[in-house]
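Chemist: Sharing a structure, written as structure tokens. Questions coming.
The values are calculated or read from the model by the stated rules, or taken from the named source; none is laboratory data. Just so it is clear, the model here is predicted, and its values are computed rather than measured. Heads up, the Cβs are rebuilt from the backbone with ideal geometry, glycines too, and the neighbour counts pull from every protein chain shown.
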């Protein structure tokens with residue numbers, strides 16, 4: 001059976017990643033950009049899954065890798081993504097392959113869920129309650145157009161209600177259920193084997209008694 005990391009294992013790994021990122025933040029060179037007014041940021045050095053988990057659980061560890069983002073709808077390119085020096089409810093981060101991803105800042109307002117740009121970037125449940133709080137499930141992706149400065153929209157991400165289990169939790173619950181089912185099957189098999197062994201022991205004992213009786217009869221015949 002494949003070993004599945006426990007929540008504690010994943011937490012330890014996540015904490016180690018945070019420590020590594022905080023250490024690395026002081027050493028890499030920031031992405032070069034012609035516009036020196038843009039905030040410095042480092043390219044994300046790890047995989048997208050860990051980035052998503054950090055956004056959900058420890059976003060302050062990403063300060064060196066993110067910048068406020070401007071999203072512009074265009075007729076020919078769909079959505080254009082740019083880093084800015086001002087404030088924005090959106091954050092961007094450049095991946096190792098030069099693609100970029102976008103997410104909502106933790107302090108965002110719920111009205112953003114009703115905007116056209118948000119609906120373009122993220123798949124969300126419909127209808128969405130007015131007081132619903134959403135959390136990130138997967139990141140929308142943008143393809144590089146101008147190095148470190150512009151990206152064009154490629155694929156949507158997903159946000160889900162805060163109380164809905166994440167995919168990994170659902171998979172873990174399904175795995176746990178399958179384990180319980182296997183344990184029940186094994187228990188029934190053991191019960192059946194025990195019953196069969198008991199029957200075999202009885203039959204062996206009966207044969208042993210019959211053999212002893214035959215031997216005694218032969219001994220009596222020899223004596224007579």
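Chemist: Based on what the data block shows, is residue 107 closer than 22 Å to residue 54 by Cα and loosely packed, with under 12 Cβ neighbours inside 10 Å?
Modeler: Working: closer than 22 Å to residue 54 by Cα: yes; loosely packed, with under 12 Cβ neighbours inside 10 Å: yes.
Criteria met by residue 107.
Chemist: Collect the residues in segment 43-79 that are surrounded by fewer than 18 Cβ atoms within 10 Å (Cβ to Cβ) and within 22 Å of residue 117 (Cβ to Cβ), keeping them in residue-number order.
Modeler: 48, 56, 59, 70, 72, 73, 74, 75, 76, 77, 78
Chemist: Please tell me if residue 128 is modelled with pLDDT under 75 and either within 30 Å of residue 111 (Cβ to Cβ) or in contact with a helix residue (DSSP H, G or I) (Cβ under 7 Å, 6 or more places away or on another chain) (or both).
Modeler: Working: modelled with pLDDT under 75: yes; either within 30 Å of residue 111 (Cβ to Cβ) or in contact with a helix residue (DSSP H, G or I) (Cβ under 7 Å, 6 or more places away or on another chain) (or both): yes.
Spelling it out, residue 128 is indeed modelled with pLDDT under 75 and either within 30 Å of residue 111 (Cβ to Cβ) or in contact with a helix residue (DSSP H, G or I) (Cβ under 7 Å, 6 or more places away or on another chain) (or both).
Chemist: Scan (1) within 25 Å of residue 121 (Cα to Cα); (2) at pLDDT 65 or above for the single condition residue 6 breaks and write down its number.
Modeler: Here residue 6 meets the rest and fails (1).
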